[in-house]
Amino acid sequence: MVRAQRVAVIVSRIMAEVRAVPVKAGDRVRAGQPVVLLDGASSRRTDARQASQAAVTQSTALAEADRQAARRRSRWPASRTSASPT
């Protein structure tokens with residue numbers, strides 16, 4: 001049985017699907033050698049999905065702010081709309 005002299009934790013900075021693992025347990029690896037290949041397309045899909053969700057969240061917040069502003073305006077008589085409430 002082969003025992004590693006060193007152990008390293010590998011973490012990705014992006015969320016993506018693993019496309020390939022070009023090394024096996026027990027293989028020697030050098031600094032900078034790829035040990036995992038990620039699918040860039042899945043990362044782009046994730047980015048697009050997150051951007052879409054953020055847009056929906058912002059749109060919902062804007063619509064709610066518009067509703068609240070309309071509600072406030074409807075509580076004040078037309079002659080007082082230019083004055084700020086105290």
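Candidates in segment 1-22 are the residues that are of a type outside the set (Val, Ile, Thr) and touching a helix residue (DSSP H, G or I) at 6+ places or on another chain (Cβ under 8 Å); of these, the one that is modelled with the highest pLDDT is Glu17.
In this structure, is Arg45 at pLDDT below 85, among the basic types (Lys, Arg) and surrounded by 10 or more Cβ atoms within 10 Å (Cβ to Cβ)?
On the way: at pLDDT below 85: yes; among the basic types (Lys, Arg): yes; surrounded by 10 or more Cβ atoms within 10 Å (Cβ to Cβ): yes.
Yes, satisfied.
Give me the residue from segment 1-22 that is among the β-branched types (Val, Ile, Thr) and part of a loop (DSSP other than H, G, I, E, B) and, out of that set, farthest from the chain's Cα centre (by Cα). Among those that are among the β-branched types (Val, Ile, Thr) and part of a loop (DSSP other than H, G, I, E, B), it is Val2. Taken over segment 28-52, the criterion of being of a type outside the set (S, T, N, Q), without any contact (Cβ under 8 Å) to a residue 24 or more places away in the chain and in a helix (DSSP H, G or I) is satisfied by Ala41, Arg44, Arg45, Asp47, Ala48, Arg49, Ala51.
Have a look at Ala65, Ala25 and point out the one that is closer than 30 Å to Arg3 by Cβ and either modelled with pLDDT under 85 or part of a helix (DSSP H, G or I) (or both). Steps first, answer last, please.
Numbers: Ala65 fails: closer than 30 Å to Arg3 by Cβ.
Of the residues listed, the single one that is closer than 30 Å to Arg3 by Cβ and either modelled with pLDDT under 85 or part of a helix (DSSP H, G or I) (or both) is Ala25.
The values are calculated or read from the model by the stated rules, or taken from the named source; none is laboratory data. Just so it is clear, the structure is predicted and the values come from calculations on it, not from any experiment. Positions of Cβ are generated from backbone atoms using ideal geometry, with glycine treated the same way; all protein chains shown enter the neighbour counts.
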